[in-house]
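Chemist: Below is the structure I would like to discuss, written out as structure tokens.
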Amino acid sequence: MYQKEQQRQLFDLSKKLLQQTAEADQAAAKETTQQLHQVLHFHEWKYYIQNDPVISDFEYDTLFKKLEAIEEQFPELKTPDSPTQRVSNDLTNEFNSVEHLVPMLSLDNSYNAEDLKDFDERIKKRCMLEEDSDVEYVVEPKFDGGSIALVYENDVLVRAATRGNGTKGEEMTLNAKAMRTIPLRADFSKHNIQKVELRGEALIEKNNFDKINAQRAKDGQTLFANPRNAATGGLRTKDPSETAKRGLEAFVYQLGFAANENGDNVLDKFSTHNEGIEFLGQLGFKVPIVERKVCKNIKEVADFCKHWEAKREGYNYEIDGMVVKVNSLTLQEKCGYTSHHPRWAIAYKFKAKQATSTLETIEYQIGKIGSITPVAKITPVQLAGVTVSSISLHNEDFINSKDIRIGDTVLVERAGDVIPYIVKSMDDLRDGSEQKIEFPKECPGCQTPLIRAEKEAAWRCPNYQCEAQVLQRMTFHVSKDAMDIDGFGPSYIERFYELDWLKDIADIYQLDYEAIAQLEGFGERSASKLQMAIDKAKQNPIHRLLHSLSIHHLGKKASKLLAQEINHVLDLQNWTEEDFTNIKDIGPVVAENVLAFFNDASNIELLKKMESLGVNLVQTDDDKPVQVSADAPLAGKSILFTGKLLKMGRKEAQELATLNGAKNISAVSSKLNILVAGEKAGSKLKKAQAVGTVEILTEDEFLKLIGKE
């Protein structure tokens, strides 16, 4: 429908219109209106037909509201083909088109408590209620899937369709029958209902989506960008078995039409929207339960929306907001409809998890073991409440697999609302100026040729003296995970390095504190606190020291296993590969890397220098294995803690578990015996429940089990 160049032009026009302020005169408004028609039709096509949006929902809503505002100011510019005069269109020519019994309209949007308050005031005005009166609302999830309409006659499912253009949709009855959450038969006739049309949403559970993409990757297929794409594609597939294979589910959230055998409307048998939902749940339909609430007033609505915005990541399904509906069907009727949306409902949209931006350039970071990590610098964009301008591209394979280029328009998402990543590049929007990314062959810091080990994704700089690596190793050495030198952050490392006070990690233990006290921003007290923290770190157990040396693949666990087997750190220079691999959980890769480190004379001199400066290199009691009796409460059990613990920190809980015989592991699997779930336990709790064999304890139950009530 749209050629590549045309798509690029419409995308650029969209960005221009997003920055444009309100038009002052009718002539300018007319031109802007025509442009908004073009871009909104284009983005509807990309979103609903192609399942491949190139702007975020928030950006689309902003453009839509601009058009609404112009039409309100200049009513003569409102035309029958305006996007404001119909709902979005997902019709294609591949399926039979069927007419809905009643129109499926879109929803107006809100983004904050103030928008909800304005909505509440409009409801009261339309229903002629007192300003200080309360309106009862039902709040339920705004599922991010594919809208469907289900028609039952004489208790039997006879038709299912997509939303389409709101008046007509594409029939997908066979696909609906393949979805096990949609009853093929429901007892409507017992309630004097002969024909009914229900509204719902087809979607895919997050865990299933991950499995689907893992299988597609294994089969060499293109991965789905998100669960919504996978769900809407599953609705339109011509093979119902594919719908079933994707594990599509359907939530039903509204009775749209109900008539008795005489054709009379019987929706009035319900007085509220919530009664209708309860009725559908009793008939066996999957309806929102814990995620649905009847709220007494708009403040309670706003609080519930905020509550679910905070919980969205732990929920089994993708939701991008909450839907707020007037509960009383009488008040709904008084409010009525526009051509676009019901006046009695509004969507509260969560902060955007996805947005589009431009990849401006690539920078390369050098890690403590020389790994080269490409970092995309993008045009800053607001995402889930923060400004994102840098995104890790992981490695060369990641760049190549997604065909990411400098100058690309990219779709950006914050995983778990924390870590931003690039979902895909928009190759349809390329104009030819984009540049392929050529991964460097030499270290960006010291120009040493890079190497890539077999079966590893990262390119590394082999020069141990590379300045960037030295800085990163010193920064890691003082970090909480390593020697835990309190208050000694990266800024101190960089500053002292620039002053030529630090050349390697041994120099950390011979700093001139009098000179530090004279530095701007320090003083005697700061210098004294730093000295105390460093002196304390000198007494650390040797497993911390081993981990702090940044030996490739030598993590915390392996460092503890080695520390249990030696009296002095330098004992390791006399070890053979067999000595390492005889230790359970130490493999040949770790053995090879530790051997290489201790066979390097400069590293031995470094450790001797550190010992001469007072750093402990001798095994302590903290390094020795914990002695656990065979009858310990958790002997032979594996355990995992999730959520917020109220009576102790996570580290303390893990230590208690170890002392009582348990093995702490980091992920839910069939090997997990016990999960301790604290407050706001999320996906790990759900996964453990799904496994079925995991014993789930509260924090108090865990303490009782180990005798620490």
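Chemist: Suppose R0 equals 41 Å; then what is the FRET efficiency for Lys536 and Ser683 from their Cβ-Cβ distance, rounded to the nearest 0.05? Intermediate values should be presented prior to the final figure.
Modeler: Numbers: r = 37 Å, r/R0 = 0.91.
So the FRET efficiency works out to roughly 0.65.
Chemist: Tell me, in nm to one decimal, what length is gained between Ala667 and Asp481 on full extension, where the rule is 0.36 nm per residue of separation less the Cα-Cα distance?
Modeler: My answer for the length gained is 65.0 nm.
Chemist: While we're on this one: Using a cut-off of under 16 Å, list every residue of region 332-353 whose amide N is near the label point 7 Å from the Cα of Val102 along the Cα-to-beta-carbon line.
Modeler: Residues passing the 16 Å test: 332-346.
Chemist: While we're on this one: Starting from the exponent 0.38 and prefactor 2.2 Å, build the expected Rg for region 354-434 from its residue count and divide its actual Cα Rg by it.
Modeler: It is 1.07.
Chemist: Using 0.36 nm per residue of separation minus the Cα-Cα distance, give me the extension gain between Lys16 and Ser433 in nm, one decimal.
Modeler: Extending this stretch completely gives an extra 148.2 nm.
Chemist: Among 552-560, 518-526, what's the highest-first ranking by average C-beta atoms within 10 angstrom per residue?
Modeler: The most tightly packed comes first, giving 552-560, 518-526.
Chemist: Tilt of helix 588-598 relative to the longest C-alpha principal axis of the chain, in degrees (0 to 90, nearest 10)?
Modeler: 40 degrees
Chemist: Relative to the longest principal Cα axis of the chain, at what angle does helix 26-44 sit, 0 to 90 degrees, rounded to 10?
Modeler: On a 0 to 90 degree scale, this one is about 70.
Chemist: Apply 1/(1 + (r/R0)^6) to the Cβ-Cβ distance of Gln447 and Gln282, taking R0 = 56 Å, and write down the FRET efficiency to the nearest 0.05. Could the numbers behind the result be given before it?
Modeler: Numbers: r = 72 Å, r/R0 = 1.29.
E between Gln447 and Gln282, to the nearest 0.05, is 0.20.
Chemist: Further question: Consider all pairwise Cα distances in region 4-85 and report the whole-number % of them above 20 Å.
Modeler: Of all Cα-Cα pairs in region 4-85, 28 percent lie more than 20 Å apart.
Chemist: Alpha carbons only, please: Rg and Dmax for region 199-317, in angstrom.
Modeler: 18.2, 55
Chemist: Then there is this: Could the peptides 475-488, 570-583 be put in order, highest first, of the mean number of other beta-carbon atoms found within 10 Å of their residues? It would help to have the intermediate numbers written out before the result.
Modeler: Values: 475-488: 18.2, 570-583: 14.2.
Put in order of decreasing packing, that is 475-488, 570-583.
Chemist: Next question. Can you report the principal axis dimensions of region 366-503 using only the alpha carbons, biggest first, rounded to whole angstrom?
Modeler: 52, 38, 29
Chemist: Right, here's the next one. Can you check what the net charge comes to around Thr272, using other residues whose Cβ is under 15 Å from the Cβ of Thr272 (Lys, Arg +1; Asp, Glu -1)?
Modeler: Values: positive: Lys269, Arg292, Lys293, Lys296, Lys325, Lys334; negative: Asp134, Glu136, Glu140, Asp268, Glu275, Glu278, Glu333.
Once positives and negatives cancel, what remains is -1.
Chemist: How big is region 500-607 along each principal axis, measuring the range of its Cα positions in Å and listing the largest first?
Modeler: Computed over region 500-607, the largest-to-smallest principal extents equal 52, 23, 21 Å.
Chemist: May I pose another question? How big is Rg to Rh over region 299-386, alpha-carbon atoms, Rh as the Kirkwood inverse-mean-distance radius?
Modeler: 1.22
Chemist: Also, quick follow-up: Which cysteines in the chain lack any other cysteine whose Cβ sits under 4.7 Å from their own Cβ?
Modeler: Cys127, Cys295, Cys305, Cys335 - these cysteines have no disulfide-compatible partner (Cβ-Cβ under 4.7 Å) in the chain.
Chemist: I need to check one value: relative contact order of the chain, counting alpha carbon pairs closer than 8 Å and at least 6 residues apart, in percent. Let's see the in-between values first.
Modeler: Values: 1241 pairs, mean separation 64.6, N = 709.
Value for the chain: 9 percent.
Chemist: Sticking with this structure for a sec: Where does helix 227-236 land angle-wise versus the long Cα axis of the chain, in degrees 0 to 90, nearest 10?
Modeler: Once rounded, one gets 40 degrees.
Chemist: Give the Debye-formula value of log10 I(q)/I(0) at each listed q (0.25, 0.28 Å⁻¹), with one equal scatterer per alpha carbon of region 638-705, two decimals each.
Modeler: So the normalised log intensities are -1.16, -1.43.
Chemist: Could you list Thr698, Thr387 so that the one with the fewest beta carbons within 10 Å of its beta carbon is first and the one with the most is last?
Modeler: Thr387, Thr698
Chemist: Pull out the extension gain between Thr181 and Glu275, defined as 0.36 nm times the separation in residues minus the alpha carbon to alpha carbon distance; nm, one decimal. Before the final figure, lay out each step's value.
Modeler: Details: separation 94, 0.36 × 94 = 33.84 nm, distance 2.05 nm.
So the chain would gain 31.8 nm between Thr181 and Glu275.
Chemist: Could you list Lys436, Lys269 in order of exposure, starting from the residue whose Cβ has the fewest other Cβ atoms within 10 Å?
Modeler: Going from sparsest to densest Cβ surroundings: Lys436, Lys269.
Chemist: State the label only: which of (i) 205; (ii) 224; (iii) 172 corresponds to volume of the Cα convex hull per residue in Å³ computed from the shown model?
Modeler: Computing volume of the Cα convex hull per residue in Å³ and matching it to (i) 205; (ii) 224; (iii) 172 gives (ii).
Chemist: Put +1 on the Cβ of each Lys and Arg and -1 on the Cβ of each Asp and Glu in the chain; which of Gly284, Ser147, Gln221 then has its Cα farthest toward the positive end of the dipole?
Modeler: It is Gly284, whose Cα lies furthest towards the positive end.
None of the figures in this text is laboratory data; all of them are computed from the coordinates on show. Nothing here was measured: the structure is a model prediction, and the numbers come from that model. With ideal geometry, Cβ positions are generated from the backbone for all residues, glycine too; neighbour counts draw on all protein chains shown.
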